[in-house]
Amino acid sequence: MSSPAVSAPPPRRLRLMPRSPAFWFLAPAVFALAVIGIYPLLVALYNSFHHYNLADPESGTPFIGFDNYVATLTDPSFWGALGRTLAFLALTLPIELGLGLFAALLLHRQALPRLRAVARVSLVIPMATTYAVVGLIGRLVFNRQFGIANYLLGFLGVPPLDWLGNPTLAFVSVMIMDVWQWTPFCALILLAGLAMVPREVEEAARLETPRWTMIFWHQQRPYLLPGITAILILRSADMLKMFDAVFTMTRGGPGTATEFISIYIQRIGFRIFDQGMASAQAVLLLVLTIVLSRLYIRYVYREA
Amino acid sequence: MKNSIRQAAAALLGAAATFAAASNAAAWTLKEAAAPYSGTTISAIFLDRPGYKAAETLIPQFEKETGIKVKWEVLPYENTRERQVLNFVSGGDEDVALVDVVWLGEFASNKWIVPIKTFTDNPKLTDPNLNLKGFFPILLNAFGTWNNTVYGLPFDNYSGLMFYNQCKLKEAGFNGPPKTWDELLNVYAPKLTNASKNQYAFALQSRRGETQSADSFMRMLWPFGGSLVDAKFRSNLLSPQSQAGLEFRQKLMKYMPPGIVDYDHAESVNALAQGHVAMITEWSAFYPTLTDPSKSKLGNCLGVATEPSGPAGLKPALGGFSLAVNAKAPKKKQEAAWLFIQWITSEAMARPYLEAGGVPARMAVYQDPAVQKKFAFVKPMVTSWQGGVPDFRPRFPEWPAISEIIGEWGTKIMLGQVSVHDGSVEIGKRMETILQKAGYYDGKKPLLK
């Protein structure tokens, strides 16, 4: 009787369908990301190296190397629009963060629970408003003849301001509408950060010092930093691609006062239909967004 | 004897031809022509303007008679070209193309729309009463014809007119509107402006976009003898006439409401309707808005006249849309779309279209004294169409790109951020770069506008 043969392991078969549940859980998200994120990005990258004007089909789509990038980087209008966008970002984001933090600290207090509940719900309303509608509301609020902004200023004896016809005031009007819409977002994120602070630690600190600034700086701030980083990244990306509200409110004018980079790219891509040039500009904008995000993570989040 | 036989034969032949044409006309009916397309649905893009609302009220009549269903989508003007170009290049489902006067060159030269000859050569599809000569020549030429080929039939037709508040003018001691721009600036405007009471003489819609380039910038060039480009397509903005027109606009600004660079059509019309300004130059299509008591306080105070003349005469703004057939649509839908276009722009439908709030391009309808009496805008509009400039805005495919430049720099000029001269230099330089790239200067492209 021969000893029982040790059965050889079955030959490894190439499995087309992975069995891992992780694969199946991740697959839909990865597929969606590939379809709506990566594929358009690759198309934009491809277009940016080609002449591609939808309104000029006879010219075809020849490869033109870095011509679109050179044309973009030597275009003063592009730099003007980028400068305005960065100025908008630098002026608006700190205001939103500051007001958001103030609102979050108020809502974090234990007093008036019902009012706090109502306030939390009402914070969502501006965020839920469509961008284009925000722009239209802005046109009404800042209308010189019958807008509520001038009506309220009238009580203070201020003569009617030409909000949307004056370049500086038009810029300020867009800022005000953005602050109105997105301060609640900052407040909610920061409120979530404050809720993470262990209550007993916070109470112990209050016994130690009556100075709220000390408590805020040493105890609450570390819990807020991840939220602040998220706000900086999301709001920066949002402001760099801000289009609908500005387009409906000012159409980029008067002159170029509110012509931000996305408005400019839209003009190139969908008024002049130069998809190649618009793609190159969009790719450069993406690079800028990534660089800003990395900087935020490096210098803000690291402190957490 | 021979002569009389010849004459008799010719008369007989003529009579036979007339009889044949008449019997053909009698034989052709829309219902029969549309029978093969019954059940077909055609799609169109409409704007939120009176001419389209008028068409919407009439379409059920067409659908009932033909069995062809007309589906439309209402878009803002600013998105219409974008949507249609994307539609053309991606083979979308619009069958009826809406062609603004300044899109015609682009749509036709890219072969996105079908010459009407494709359909008029087919007697089954062509109404014997089509009568292209019945359209105002300037409208058929400007809105529908490119390089001597007719592509579209004029549908939503405008002329720039002066709308004014007769009561305010009378209060200020004027019995009628100004005849010239110079008179408006130097005689009327000072008496009709009182900034402390929020009263201004004139509003010129100048918001960035096509409003700035077409309604504001170009409007000031032609009456003063200027133009955007010369015969060789080089910038003509530095000519003394063009400069005079643009300088005039700057002078007029002190009699306009503050923030005029943010005024679009709605704001301008509303300023007149609510009594803040005494005069505006606007498209004829806004007449129904200004006579609607729910939107306008003017009532009997509304007056309508031609735009003021300049040193070069009456050169009013010209604008409007034709309807054409999308070349990318399937043949059956193309033919159904043609039947619709032919019907809605026909002489027979001109009166109902006018009554419903539209402005037809058919000459015959305006000859009726009852129409002239009922619609105060008719007389000045017809006068304007008889003396207008077909290429008020160049119709070449490069216009949208140039319009963007004018939108930006024209506004900067108005705001005083740049002088009239420097702004004109900048527009001219950038415009010539575009035209150079397009191939107009090296003979690659014919000088068509």
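The values are calculated or read from the model by the stated rules, or taken from the named source; none is laboratory data. Quick caveat: nothing in here was measured; it's all calculated off a predicted structure. Reconstructed Cβ throughout: ideal geometry from the backbone, glycine too, with neighbour counts over all protein chains shown.
Quick rundown of the values:
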{"read-out": "Residue check, A:Ile261 surrounded by fewer than 16 Cβ atoms within 10 Å (Cβ to Cβ) and either at negative phi or not charged (D, E, K, R) (or both)", "value": "no"}
{"read-out": "The one condition in (1) at pLDDT below 95; (2) away from chain A (no Cβ under 14 Å); (3) within 25 Å of the chain's Cα centre (by Cα) that B:Thr211 fails to fulfil", "value": "(2)"}
{"read-out": "Search result, residues across the stretch A:251-263 that are within 14 Å of chain B (Cβ to nearest Cβ) and either without any contact (Cβ under 8 Å) to a residue 24 or more places away in the chain or part of a helix (DSSP H, G or I) (or both)", "value": "A:Arg251, A:Gly252, A:Ile263"}
{"read-out": "Some residue of the stretch B:110-129 being surrounded by fewer than 17 Cβ atoms within 10 Å (Cβ to Cβ) and closer than 30 Å to B:Tyr287 by Cβ", "value": "yes"}
{"read-out": "Those residues of the stretch B:181-208 which are under 16 Å from B:Tyr255 (Cβ atoms), within 14 Å of another protein chain (Cβ to nearest Cβ) and not in a helix (DSSP H, G or I), in sequence order", "value": "B:Asn198, B:Gln199, B:Tyr200, B:Ala203, B:Leu204, B:Gln205, B:Ser206"}
{"read-out": "Single residue of B:Ala337, B:Ala348 found to be out of contact with any helix residue (DSSP H, G or I) (no Cβ under 7 Å at 6 or more places or on another chain), crowded, with 20+ Cβ neighbours inside 10 Å, assigned by TED's automatic domain parsing to the domain that holds B:Asp48 and in contact (Cβ under 8 Å) with a residue 40 or more places away in the chain", "value": "B:Ala337"}
{"read-out": "Any hit, the stretch A:125-134, residues being touching a Ser or Thr at 6+ places or on another chain (Cβ under 6 Å) and of a type outside the set (Val, Ile, Thr)", "value": "yes"}
{"read-out": "Tally of residues being among the hydrophobic types (A, V, I, L, M, F, W, C) and either assigned by TED's automatic domain parsing to the domain that holds B:Leu130 or in a helix (DSSP H, G or I) (or both) across the stretch B:163-180", "value": "2"}
{"read-out": "Set A:Thr168, A:Thr129: member being exposed (fewer than 12 other Cβ atoms within 10 Å of the Cβ) and in contact (Cβ under 8 Å) with a residue 12 or more places away in the chain", "value": "A:Thr168"}
{"read-out": "Single residue of B:Pro257, B:Pro223 found to be crowded, with 16+ Cβ neighbours inside 10 Å and either farther than 24 Å from B:Asp422 by Cα or not assigned by TED's automatic domain parsing to the domain that holds B:Ser309 (or both)", "value": "B:Pro257"}
{"read-out": "Only one of A:Gln220, A:Gln266, A:Gln275 that is away from chain B (no Cβ under 14 Å) and either of a type in the set (S, T, N, Q) or in contact (Cβ under 8 Å) with a residue 12 or more places away in the chain (or both)", "value": "A:Gln220"}
{"read-out": "Residues (facing another protein chain (nearest Cβ under 9 Å) and crowded, with 22+ Cβ neighbours inside 10 Å) located in the stretch A:229-250", "value": "A:Thr250"}
{"read-out": "Matching residues in the stretch A:140-160 - criterion: being surrounded by 14 or more Cβ atoms within 10 Å (Cβ to Cβ) and more than 9 Å from chain B (Cβ to nearest Cβ)", "value": "A:Val141, A:Phe142, A:Gly147, A:Ala149, A:Asn150, A:Leu153"}
{"read-out": "Selected residue (criterion: farthest from the other protein chains (Cβ to nearest Cβ)) from residues of the stretch B:68-83 that are under 15 Å from B:Asp264 (Cβ atoms) and in contact (Cβ under 8 Å) with a residue 24 or more places away in the chain", "value": "B:Tyr77"}
{"read-out": "Check on A:Phe247, part of a helix (DSSP H, G or I), over 15 Å from the mean Cα position of the chain (by Cα) and either under 30 Å from B:Glu404 (Cβ atoms) or free of Cβ contacts under 8 Å to residues at least 24 places away in the same chain (or both)", "value": "yes"}
{"read-out": "Top-ranked residue of the stretch B:105-127 - restricted to ones that are aromatic (Phe, Trp, Tyr) and in a helix (DSSP H, G or I), ranked as nearest to the other protein chains (Cβ to nearest Cβ)", "value": "B:Phe107"}
{"read-out": "Criterion violated by B:Lys295 - all others in (1) outside any loop (DSSP other than H, G, I, E, B); (2) basic (Lys, Arg); (3) surrounded by fewer than 22 Cβ atoms within 10 Å (Cβ to Cβ) satisfied", "value": "(1)"}
{"read-out": "Helices (runs of 4 or more DSSP H) (entirely within the stretch B:347-432) containing at least 2 residues that are within 15 Å of the chain's Cα centre (by Cα)", "value": "B:378-387"}
{"read-out": "Subset of the stretch A:161-181 [within 11 Å of chain B (Cβ to nearest Cβ) and of a type in the set (D, E, K, R)]", "value": "A:Asp162"}
{"read-out": "Conditions (1) within 14 Å of another protein chain (Cβ to nearest Cβ); (2) within 23 Å of the chain's Cα centre (by Cα); number of the one not met by A:Ile125", "value": "(1)"}
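Results for (1) modelled with pLDDT under 95; (2) among the acidic types (Asp, Glu); (3) not in a helix (DSSP H, G or I); (4) not assigned by TED's automatic domain parsing to the domain that holds B:Leu323, shown as yes or no for each residue.
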| site | (1), (2), (3), (4) |
| --- | --- |
| B:Gly51 | yes, no, no, no |
| B:Ala55 | no, no, no, no |
| B:Ile59 | no, no, no, no |
| B:Trp72 | no, no, yes, no |
| B:Glu94 | yes, yes, yes, no |
| B:Val99 | no, no, yes, no |
| B:Asn129 | yes, no, yes, no |
| B:Asn141 | yes, no, no, no |
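Yes or no, residue by residue, for (1) under 24 Å from B:Ile413 (Cβ atoms); (2) in contact with a helix residue (DSSP H, G or I) (Cβ under 7 Å, 6 or more places away or on another chain); (3) within 14 Å of chain A (Cβ to nearest Cβ); (4) among the aliphatic types (A, V, I, L, M):
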{"site": "B:Leu252", "(1), (2), (3), (4)": "yes, yes, no, yes"}
{"site": "B:Asp262", "(1), (2), (3), (4)": "yes, no, yes, no"}
{"site": "B:Ser268", "(1), (2), (3), (4)": "yes, no, yes, no"}
{"site": "B:Ala278", "(1), (2), (3), (4)": "no, yes, no, yes"}
{"site": "B:Pro288", "(1), (2), (3), (4)": "no, yes, no, no"}
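Rundown of residues vs (1) away from chain B (no Cβ under 14 Å); (2) surrounded by 12 or more Cβ atoms within 10 Å (Cβ to Cβ); (3) farther than 30 Å from A:Ala282 by Cβ, yes/no style:
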{"site": "A:Asp56", "(1), (2), (3)": "no, yes, no"}
{"site": "A:Val70", "(1), (2), (3)": "yes, yes, no"}
{"site": "A:Leu86", "(1), (2), (3)": "yes, yes, no"}
{"site": "A:Pro94", "(1), (2), (3)": "yes, no, no"}
{"site": "A:Leu97", "(1), (2), (3)": "yes, yes, no"}
{"site": "A:His108", "(1), (2), (3)": "yes, yes, yes"}
